[in-house]
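Working notes for the structure below.
Please treat every number below as a calculation from the coordinates, not as lab data. In this text the structure is predicted, and so the values were computed from the model without any measurement. In this analysis, Cβ positions are derived from the backbone assuming ideal geometry, glycine residues included, and neighbour counts consider all displayed protein chains.
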Amino acid sequence: MISTSLTALGNWRTVVGALMTRQVKGRFKANQMGLFLAFAEPFLLLGMIMLLRVFFKQKLASFGQSEMVFLSSGILPYYIFLRTSARSRTSSRFGPSRRPPRASSTDLFVATIAADLVLFLSMMIIWFAILALVGLDEAIPHSIETCIEAVFFIAALGIGLGLIVSAITSRIPSYIYGFCARLLIFLSGVFYIIDLLPLQSVRDNMALNPLAHGIVWFRLGLYGSYPHNFLDPDYLMFWSAAVLFVGLIAYRGTLRPAH
C-alpha cells in the first residue's frame, strides 16, 4: 500500500515537473516582453521610489543602513502575494484545450503556480545576492528559515484568495479585486515600520491585514532585530490556511468537466 502510494506520488511529481518545464518554455517563447514586464514590475517600482527619494532629497522612514534593502524586503514579498494571487486566479480557469494529454486540470494548475513562483523566487534570490555582492551586507538573511516560512504563507494567502476570486468572478468583477490587491501595498507596511507608527488605532487596524504580518515576518528573518511587536505569525498562518482551504473547495466546485 505504501509502495503504491509512493509510486503514484512519484508519477505525479514527474507529470507536474514536465508541465512546469513546459510552462516556463512556453512563456519565454510566447511573449518575452510581457514576461519581462511582469517580473520587472517590482524592480521598476523600487527604482522609481529611489529616484523620487533622490529628486526630493529626503530620506525615507526605513530600518537599517540601506533603504534599498529595506524597500526590497517589503516590495518583493508583497509581489509574491500579488503574483500568486493573479496566477491562481487565471490558471484556475484553464480548460481541457490548455492541458496536454493525461494531465488533469489540477496538474496544470499546480504546475503553473509552481513555475511562476520558482521564477519569481529565483529573481528575488538573485536580487538580494547582487545587493550583498555590492556591499550591502543587510541583504544576507539573518535566518533563511524564517524568510522561507514567511514567503510560504504569503504565497498560500495569495493562492487562496486568487482561487476564491476566480470562483466568484461572475458576481464580483476581477478588476475590483485587482485594484484592492494593489492598494494593499500601502496598507501592509511595505514602505514603513508598522511598530513605529504614531497612532495605536492605526496599528490595531493594520493588524487585521494578514499580509502585513507576512512582510514583518520576512523582515524579521532578514534583519534578525527588526521591530516585531506587531507580528503574530499564527494570525497569518490561520488566514493563509483558511483562504487556501476555501479556495481549493471553490476550485474543485468550478472545475470544467473533461471532454
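Summary of computed values
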item: Difference of contour (0.36 nm per residue) and Cα-Cα distance, Tyr192 to Asn229; result: 11.9 nm
item: Normalised alpha carbon radius of gyration of segment 120-212 [divisor 2.2 N^0.38 Å]; result: 1.34
item: Zone of Phe43's modelled label, taken as backbone nitrogen in segment 122-141 under 13 Å from a point 7 Å along Cα→Cβ; result: 122-131
